[in-house]
Amino acid sequence: MERRVFKINPVIINRTSIEEIIIDSHVDKHSDHISDELIIELVSELVHTEHIPQTIKENFQYFVSEISHNQKIYKMVWLLENHKFYVGVITAFRDRRL
């Protein structure tokens with residue numbers, strides 16, 4: 001499976017102008033409750049916010065966010081690459097524990 005790329009109107013996340021969302025195929029294992037459209041909505045919840053990376057490896061900063069959307073809580077693992085203008089979504093799922 002391949003990654004899916006979506007162009008978006010530029011938004012600011014962690015003081016970086018983001019122009020694309022790249023969704024990893026790993027997300028597909030949650031396709032019973034996660035869609036590309038929902039992931040784009042979840043990323044929009046990050047706009048104008050600051051996040052501290054959980055891990056930094058080489059040029060990548062990795063984040064884990066709990067996002068409230070439509071009265072549900074989702075967990076999203078995502079990344080930013082240094083000097084790039086996209087958010088990479090590694091996985092996202094509804095957190096039913098919360």
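Only residues that are under 15 Å from VAL11 (Cβ atoms) and under 10 Å from the mean Cα position of the chain (by Cα) were counted across the stretch 46-64, and they come to 1. Of all residues in the stretch 36-48, those that are within 17 Å of ASP95 (Cα to Cα) have Cβ atoms under 8 Å from Cβ atoms of residues that are of a type in the set (Gly, Ala, Ser), 6 or more apart or on another chain, in LEU38/ALA92; ILE39/ALA92; LEU42/ALA92; GLU45/SER68. One residue stands out among those in the stretch 1-25 that are over 12 Å from the mean Cα position of the chain (by Cα) and outside any strand (DSSP E or B): the one that is farthest from LEU80 (Cα to Cα), which is MET1. Of all residues in the stretch 1-21, which are touching a residue at least 40 places away in the same chain (Cβ under 8 Å), touching a Leu at 6+ places or on another chain (Cβ under 9 Å) and hydrophobic (A, V, I, L, M, F, W, C)? Within the stretch 1-21, ILE13, ILE18 qualify.
Against the condition surrounded by 11 or more Cβ atoms within 10 Å (Cβ to Cβ) and polar (S, T, N, Q), how does THR55 come out, does it pass? Spelling it out, it is not the case that THR55 is surrounded by 11 or more Cβ atoms within 10 Å (Cβ to Cβ) and polar (S, T, N, Q).
For residues that are polar (S, T, N, Q), surrounded by fewer than 16 Cβ atoms within 10 Å (Cβ to Cβ) and in contact with a helix residue (DSSP H, G or I) (Cβ under 9 Å, 6 or more places away or on another chain), tally how many sit in the stretch 63-98. Quick ask: steps written out before the conclusion?
Residues of the stretch 63-98 polar (S, T, N, Q): 65, 68, 70-71, 82, 91.
Among the residues that remain, those that are also surrounded by fewer than 16 Cβ atoms within 10 Å (Cβ to Cβ) are: 68, 70-71, 82.
Subsequent filtering for residues that are in contact with a helix residue (DSSP H, G or I) (Cβ under 9 Å, 6 or more places away or on another chain) retains 70.
Adding up the residues that qualify gives 1.
Within the stretch 26-45, restricting attention to residues that are modelled with pLDDT of 90 or more and outside any helix (DSSP H, G or I), which residue is farthest from the chain's Cα centre (by Cα)? Among those residues, the one meeting the criterion is HIS33. The set of residues in the stretch 64-98 being farther than 16 Å from PRO53 by Cα and of a type in the set (S, T, N, Q) consists of SER68, ASN70, GLN71. Within the stretch 11-46, if we keep just the residues that are loosely packed, with under 11 Cβ neighbours inside 10 Å and not hydroxyl-bearing (Ser, Thr, Tyr), the residue that is farthest from LYS75 (Cα to Cα) turns out to be ARG15.
The values are calculated or read from the model by the stated rules, or taken from the named source; none is laboratory data. Values in this document were obtained by computation on a predicted structure and should not be read as measured data. Quick reminder, even Gly has a Cβ in these numbers, built from the backbone with ideal geometry, and neighbours come from all protein chains shown.
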